[in-house]
Amino acid sequence: MSMDLHSQDAIDQLQALIQKVDKDPLLQTTFQNVHQGYVTQNLTRFLKARDWDPSKAYQMLLDCLNWRVQNQIDNILSKPILPADLYRTIRDSQLIGVSGYTREGLPVFAIGAGLSTFDKASVHYYVQSHIQINEYRDRVVLPSASKKHGRPITTCVKVLDMTGLKLSALNKIKLLTIISSIDDQNYPEKSHTYYIVNAPYVFSACWKVVKPLLQERTRRKVQVLPGCGRDELLKIMDYPSLPHFCRKEGSGSSRHLEGGNENCYSLDHPFHQQLYNYINQQARLHEVVAPIKQGSFHVEFPEPPDVDTRIAKTIESEFDGLTLNGDKEQLNNCTGRQA
């Protein structure tokens, strides 16, 4: 049996299993928010995440839908983080944004992995913000891109800037493991490719030991680019879509490197203004039912899969080894050196 026939057979089996969801109105509604009219493409995501096993993919999808219902994920885009000053500090410490689109129409998410501090609010606020961006991507950004290009666009590319990554990043591993687990279990296969840029020595050392722990399909998605990655990224996107930290060699990344319209992390960037206005608009629509309250939107954290736990422990061990085998301050200074 060819791979195409095998894949189609698996999709047909999962399609038959998912009919059970139609009997539960809550699960049916949240499933519609997941697939946005592209049922086959979204069933394929869950099948890929479970090595094309229909029964395992169905269980994963069912767990995801139940998680969404139990945590009211369908309403999270009507729950603004208040007050506005708190939301701005979260944007300044959880560095993520959309810089543009590839020539194929995939959104380009820029992530300041090295300079994100996650230290201005509780874990719950950062998790809420992360899920809101996921949901806005899936319910607004990707459907709009699909409509514009006249074909299903259900994935994005991510450019991770490792500028500023230091041994002190160790204290962020718990939060990053939570976020990674939420994505793995509830938003599988949403990233087409991960591009790593401005990789310092610390990242290179950890990558060597983490890479073998990743599943093959994940390893294939990760590309570590030389320098700021500009030349390689220009092969798939035009210059205006490049993240600000990829615009020129040696530019590095900064929260305040350029104006708000250029720095896609900034709350003043068009993407974040659109997201901010959308959430506040949805909040006003729901305000008739329930007043807007301050406080984080608490989401139940899933148990990290074994592989996430192993990766976190491996990174910790590697950081410990780096600290023992050399002067910590010297290693911190090495973070400016290209891999």
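The values are calculated or read from the model by the stated rules, or taken from the named source; none is laboratory data. As the structure is a computational prediction, the values presented were derived from the model and not from experiment. Using ideal geometry, Cβ is built from the backbone for each residue, glycine included, and neighbour counts are taken over all protein chains shown. Keep in mind that these areas ignore ligands, DNA and RNA; they rest on the heavy atoms of the full protein, side chains included. Shrake-Rupley method; radii C 1.70, N 1.55, O 1.52, S 1.80 Å.
Overview of values
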| item | result |
| --- | --- |
| In Å², nearest 10: area of Tyr201 left accessible to a 1.4 Å probe | 90 |
| For peptides 89-101, 64-76, sequence by mean Cβ density within 10 Å, most packed first | 89-101, 64-76 |
| Gain in span if fully extended, Lys147 to Gln215, counting 0.36 nm per residue against the direct Cα distance | 21.2 nm |
| Rounded to the nearest 10 Å², the accessible area of Glu300 at probe 1.4 Å | 110 |
| Potential lengthening between Gln72 and Asp51 on full extension [0.36 nm per residue; Cα-Cα distance subtracted] | 4.7 nm |
| Rounded to the nearest 10 Å², the accessible area of Cys206 at probe 1.4 Å | 10 |
| The stretch 81-218: Cα Rg divided by the 2.2 N^0.38 Å rule of thumb | 1.09 |
| Loop trypsin sites (Lys or Arg not before Pro), the stretch 171-251, which have at most 10 other Cβ atoms in a 10 Å radius of their Cβ (DSSP) | Arg220, Lys235 |
| Globularity index of the stretch 128-170, i.e. its alpha-carbon radius of gyration over 2.2 N^0.38 Å | 1.63 |
| Cα-Cα over 23 Å, subset of Lys20/Lys48; Lys56/Lys147; Lys23/Lys56; Lys20/Lys147; Lys20/Lys79 | Lys56/Lys147; Lys20/Lys147; Lys20/Lys79 |
| Where labels lie 7 Å past Cα in the beta-carbon direction, separation of Gln281 and Thr40 in nm | 3.2 |
| Net length gained if the chain between Asp85 and Lys172 were fully extended (0.36 nm per residue, minus Cα distance) | 29.1 nm |
| Phe245, Phe301, Phe118, ranked by accessible area, largest first (probe 1.4 Å) | Phe301, Phe118, Phe245 |
| Percentage relative contact order, the stretch 75-227, counting C-alpha pairs under 8 Å, at least six apart | 22 |
| Simple spin-label estimate for Asp238 and Lys120 in nanometres, 7 Å along Cα-Cβ | 3.2 |
| P(r) of the stretch 47-128 over all Cα-Cα pairs, binned every 5 Å from zero, in whole percent | 3, 12, 13, 14, 16, 20, 15, 6, 2, 0 |
